[in-house]
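Quick note: the coordinates plus some simple rules give every number you see, no bench work behind them. Predicted model, so just to flag it, every value in this text is computed and none were measured. Note: ideal-geometry Cβ built from the backbone for every residue, glycine included; neighbour counts use all protein chains shown.
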Amino acid sequence: MLLLTIFITGIEAFAQDALIDKTAYIKFHSDKGGIYAENYSVISKLDRSSGELIFSVAIQSFEFKNALMQRDFNKANVMNSAEYPKAKFVGKITNIEAVDFTKAGSYPVMVSGVLTIKGISNQVETPGSIIIEQGHIKAIATFSLDRFEYGIKGKTKSISQLLDIRVEAEYE
């Protein structure tokens, strides 16, 4: 009975370290053409003890200011969302020990991992922040993404090669 209690307590403690957000947010923006899209259906997991960080993004869930842009974005020559329905980031916060999850504040972090878009994986590293306010844990990062490194073609005249990306997750 004692072993069973210890085992169950250990599982509960592990589960408390894993935080999930099923409505995380990603926005991308191109200065050229004023193109931007938002996605509020991103799933993210953060493990407070190890720093493991995962984001899974349904490509068709990006919303544009007009339906034509959204349709073109999902076509085979751009994102090819029929063949590659999701993008994924798997990595970790490399300095997770710098974050005190019991104390309110803004903590600078470094995120490193593999981003996979259209079946192409690249190592990425970017600074970010973990913000703790009134018991809520929020992660934020902004970075640039070279769309050509992921085989994202599209019209070069109407969209920049480098896209500005903003990622936000609020974990519970």
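Worth pointing out:
- Under a Gaussian network description of the chain, with springs only between Cα atoms under 10 Å, the residue in Thr94, Thr142, Thr102 that fluctuates furthest is Thr102.
- Among Ile43, Gln134, Ser121 - extreme Cα towards positive end, dipole of the range 21-172, charges at beta-carbon: Ser121
- Tilt relative to the chain, helix 2-17 - C-alpha long axis, 0 to 90 degrees, to 10: 30 degrees
- Counted by Cβ distance under 14 Å from Ile132, the other residues give a net charge of -1, where Lys and Arg count +1 and Asp and Glu count -1.
- Backbone HN-Hα couplings from phi across the range 86-101 [Karplus 6.51/-1.76/1.60, Hz, Gly and Pro as x]: 9, 10, 8, 10, 10, x, 7, 7, 6, 10, 4, 5, 7, 9, 9, 5
- When +1 charges are put on Lys and Arg Cβ atoms and -1 charges on Asp and Glu Cβ atoms, the dipole computed for the chain relative to its Cα centre reaches about 860 debye.
- Working note: Karplus 6.51/-1.76/1.60 with θ = phi - 60° gives the range 145-153 the couplings 10, 7, 5, 5, 5, 10, x, 8, 8 Hz, where Gly and Pro are set to x.
- Per-residue ³J(HN,Hα) for the range 162-172, Karplus 6.51 cos²θ - 1.76 cosθ + 1.60, θ = phi - 60°, Hz, x for Gly and Pro: 9, 10, 8, 10, 10, 10, 9, 9, 10, 8, 10
- Structure-derived Cα extents along the principal axes in Å - corresponding label in (1) 65, 33, 27; (2) 53, 42, 37; (3) 46, 37, 35: (1)
- The Cβ shell under 11 Å around Phe143 holds other residues with a net charge of -2, Lys and Arg each +1, Asp and Glu each -1.
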